[in-house]
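To start, the structure under review is shown below, and the notes come after it.
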Amino acid sequence: MRKALTPRFWPPETTPDAAVLIAARGVRAFGDGFVSVLLPVYLLSLGLDGFQIGGIATATLLGSAALTLLVGLIAHRFRVRRLLVGAALLMAATGASFALVHDFWPLLVVAFVGTLNPSSGDVSVFLPLEQSVLPQTVSARERTALFARYSLVGSLVAAAGALSAGLPDLIASHAALSPTTALQGMFVVYGLLGLLALVLYNRLSPSLEQTNQTRQPLRESRRIVYTLAALFSLDSLGGGFVVQSLLALWLFQRFDLSVATAGTIFFWTGVCSSFSYLVAVRLAERVGLVNTMVFTHLPSNALLVLVPFMPSLPLAILLLLVRSALSQMDVPTRNSYVMAVVPPVERPAAASVTSVPRSLATAASPLLSGYLLGLSTFGWPLVIGGVLKATYDVLLLAMFARVKPPEEAS
């Protein structure tokens, strides 16, 4: 086994492979951060309407779900490093294609087959691959803490990416470029980030591959994984109504914001989310993983429902910030919980099975959300999304409050 990392930022006995995986997550998150804000702006500059923008957002999520399903079916035949490198190459190709393609139907195809992410969270094929091997780099008792740091880095860097969404305006004004050309440059940057992720994935150690050769399909954990997948899908269905690209579009329409202002808002919501991950670890140690997921997520969804009713931008921003401080505490705890309640050999299959339905459910909403935003600036997608996500919280507590992970049962 490779020498463990020093336990300052890292939980005790964490191997260097964890640092590689988290660094790659950060690289990808930076690209996701600015793309989620700039995507609607770029598509509007190409002459697309709200319904078409929603269609492209849906295509990105459907494509991610299809690719994740394919990887879940064949993952046991390939090394994880090879699959991650292939996904990184696809990310590079996606960025280049979006910079070069300008018409709706070709963009729709590229969105489906590529890795573009219109959401502030990670819904890509990378996620289940990384999550399935991350528990192998740390002890079971420190698993939730490592997932929290994995989420923390992703969220903080994504927030920085959202803040950088104002760069195209700055570049266009100082370099005598058209706004569309400056926006295309950001998609080139997204592709280059894919190549950087590729370099990082090549540094994963052979020991990670050797441990992962014992992977098996779902057997004894099939029932619990399928139930969790169904519940997570309901949550994701609600989340699809408020993916960051469409939330940005609503802010543009309702309050006539500039891209730089929207990027600043999403930077601070990302910062609020980031530090909540570390709080989630402490809270989970006291009240358990499921209780932490529900008792933080449910209030955040109530706030989401209230946002469209706010009469001014400062009040809407305040609710979005408070919501962000609560809404993501379920991410590291949810990931840790799934990995805890299934046998280690079934973790890759469990990660895929819980990710694919979530991606499909998320993909079902943006098209309708874009249509609703085309009819009214009120913010109906936020209300619908909040109600669906709150329903998920109640059902999760009712069905899994007594299903404890091993470290809580002992």
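The values are calculated or read from the model by the stated rules, or taken from the named source; none is laboratory data. Here the structure is a predicted model, which is why all the values come from computation and not from measurement. Positions of Cβ are generated from backbone atoms using ideal geometry, with glycine treated the same way; all protein chains shown enter the neighbour counts.
Which of the residues spanning region 84-107 are of a type outside the set (Gly, Ala, Ser) and assigned to a helix (DSSP H, G or I)? Don't jump to the end; show me each part of the working.
Just the residues of region 84-107 that are of a type outside the set (Gly, Ala, Ser), to begin with: 84-85, 89-91, 94, 98, 100-107.
Matches in region 84-107: 84, 85, 89, 90, 91, 94, 98, 100, 104, 105, 106, 107.
Scan region 193-222 for residues that are modelled with pLDDT of 90 or more and surrounded by fewer than 16 Cβ atoms within 10 Å (Cβ to Cβ) and report the count.
4
Please specify each residue of region 311-338 satisfying the condition of being of a type outside the set (A, V, I, L, M) and either within 18 Å of the chain's Cα centre (by Cα) or assigned to a helix (DSSP H, G or I) (or both).
Restricting attention to region 311-338, the residues satisfying the condition of being of a type outside the set (A, V, I, L, M) are 311-312, 314, 323-324, 327-328, 330, 332-337.
Passing the criteria: 314, 323, 324, 327, 328, 330, 332, 333, 334, 335, 336, 337.
Just to check your reading of the model, which residue among 164, 173, 64, 97 is of a type in the set (S, T, N, Q) and surrounded by 22 or more Cβ atoms within 10 Å (Cβ to Cβ)?
Working: 164 fails: surrounded by 22 or more Cβ atoms within 10 Å (Cβ to Cβ); 173 fails: surrounded by 22 or more Cβ atoms within 10 Å (Cβ to Cβ); 97 fails: surrounded by 22 or more Cβ atoms within 10 Å (Cβ to Cβ).
Going through 164, 173, 64, 97 in turn, the sole match is 64.
Could you list, ordered by first residue, the pairs with Cβ atoms under 7 Å in which the first is in region 168-193 and part of a helix (DSSP H, G or I) and the second is of a type in the set (Lys, Arg) and modelled with pLDDT of 85 or more, at least 6 apart or interchain?
Every condition considered, the pairs that remain are 193/28.
Among the residues in region 122-133, are any assigned to a loop (DSSP other than H, G, I, E, B), in contact with a Phe, Trp or Tyr (Cβ under 8 Å, 6 or more places away or on another chain) and among the hydroxyl-bearing types (Ser, Thr, Tyr)? Walk me through how you get there before you give the answer.
Step one: filter region 122-133 for residues assigned to a loop (DSSP other than H, G, I, E, B), giving 122-125.
Remaining after also requiring in contact with a Phe, Trp or Tyr (Cβ under 8 Å, 6 or more places away or on another chain): none.
No, every residue in region 122-133 fails to be assigned to a loop (DSSP other than H, G, I, E, B), in contact with a Phe, Trp or Tyr (Cβ under 8 Å, 6 or more places away or on another chain) and among the hydroxyl-bearing types (Ser, Thr, Tyr).
Which members of region 42-60 meet the condition of being buried (at least 19 other Cβ atoms within 10 Å of the Cβ) and over 18 Å from residue 187 (Cβ atoms)?
50, 54, 55, 58
Here are the criteria: (1) in a helix (DSSP H, G or I); (2) more than 21 Å from the chain's Cα centre (by Cα); (3) crowded, with 18+ Cβ neighbours inside 10 Å. Tell me which single one residue 297 does not satisfy.
(2)
Could you grab me the full set of residues in region 268-278 that are modelled with pLDDT under 90 and not polar (S, T, N, Q)?
Passing the criteria: 270, 271, 272, 275, 277, 278.
Please enumerate the residues belonging to region 108-118 that are in a helix (DSSP H, G or I) and within 30 Å of residue 208 (Cβ to Cβ).
The first filter runs over region 108-118 and keeps only residues in a helix (DSSP H, G or I), leaving 108-113.
Scanning region 108-118 gives a single hit, 113.
Quick check on region 339-352. Is at least one of its residues within 15 Å of residue 131 (Cβ to Cβ), within 20 Å of the chain's Cα centre (by Cα) and β-branched (Val, Ile, Thr)?
Looking through region 339-352, none of the residues is within 15 Å of residue 131 (Cβ to Cβ), within 20 Å of the chain's Cα centre (by Cα) and β-branched (Val, Ile, Thr).
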